[in-house]
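Okay, structure first, notes after.
The values are calculated or read from the model by the stated rules, or taken from the named source; none is laboratory data. Because the structure is predicted, anything quoted here is derived from the model rather than measured. When we count neighbours, we look across all protein chains shown, and the Cβ atoms used for this are built from the backbone with ideal geometry, even at glycine. In case anyone asks, the SASA skips ligands and DNA or RNA and just uses the protein heavy atoms, side chains included. Shrake-Rupley method; radii C 1.70, N 1.55, O 1.52, S 1.80 Å.
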Amino acid sequence: MADCVFCKIVSGEIPSIKIFEDEKTLAFLDINPLTYGHCLIIPKEHYEDVFDIPFDGLKTVISNAKTLANNIKSSLSAKGVNLVNASGEAAGQSVPHFHIHIIPRYEDDKLEFNQWWQSKAKQAGPEELKKLAEQIKKDNYRN
């Protein structure tokens, strides 16, 4: 896609600090990192979001994300990692090209993701959860 910033990174029009590349994916350091070693992994082919990317492409991206997460954890002595994808404007997706953030976590990183999540979560009752499950299950595998 001509105006996609990530497609321009793939084509070399925009520079990036690459940390992994194969024929289908590219991973590079985030220019606005949340933690030390925060990077993104993308498919080289343009897909807007998780709803657009084919299963095979998604499998390749997530498999390489796992390898990178292991490498980052080992090489940077991270204590954990968050893999984050936002698909759609309502979810906070700012670049319309499927991507996964690989965010290394350290004991003293002061990134309050988990605390924020816990503070926003609300408990759902068993009946509400059963009703929700039935609603989701009836539309399974409609792709």
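See the values below:
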quantity	calculated
Any hit, the range 50-72, residues being among the β-branched types (Val, Ile, Thr) and touching a Phe, Trp or Tyr at 6+ places or on another chain (Cβ under 6 Å)	yes
Within the range 35-60, considering residues that are open to solvent by 100 Å² or more (accessible area, probe 1.4 Å) and touching a residue at least 12 places away in the same chain (Cβ under 8 Å), the one nearest to the chain's Cα centre (by Cα)	Phe51
Evaluation of Asp139 against (1) acidic (Asp, Glu); (2) open to solvent by 90 Å² or more (accessible area, probe 1.4 Å); (3) at pLDDT below 95 (one fails), failing number	(2)
Pair list, Cβ < 9 Å and 6+ apart or interchain, from the range 63-80 residues that are more than 14 Å from Phe20 (Cα to Cα) to residues that are aromatic (Phe, Trp, Tyr)	Leu76/Tyr36; Leu76/Tyr106; Ser77/Tyr106; Ala78/Tyr36; Ala78/Tyr106; Lys79/Tyr106; Gly80/Tyr106
Qualifying residue in the range 64-78 (condition: crowded, with 16+ Cβ neighbours inside 10 Å and touching a helix residue (DSSP H, G or I) at 6+ places or on another chain (Cβ under 8 Å))	yes
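Matching residues to (1) closer than 21 Å to Thr25 by Cβ; (2) modelled with pLDDT of 85 or more; (3) touching a Ser or Thr at 6+ places or on another chain (Cβ under 8 Å); (4) open to solvent by 100 Å² or more (accessible area, probe 1.4 Å):
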| position | (1), (2), (3), (4) |
| --- | --- |
| Val84 | yes, yes, no, no |
| Gly92 | no, yes, no, no |
| His97 | yes, yes, no, no |
| Ile102 | yes, yes, no, no |
| Trp117 | no, no, no, yes |
| Gln123 | no, no, no, yes |
| Pro126 | no, yes, no, no |
| Lys131 | no, yes, no, yes |
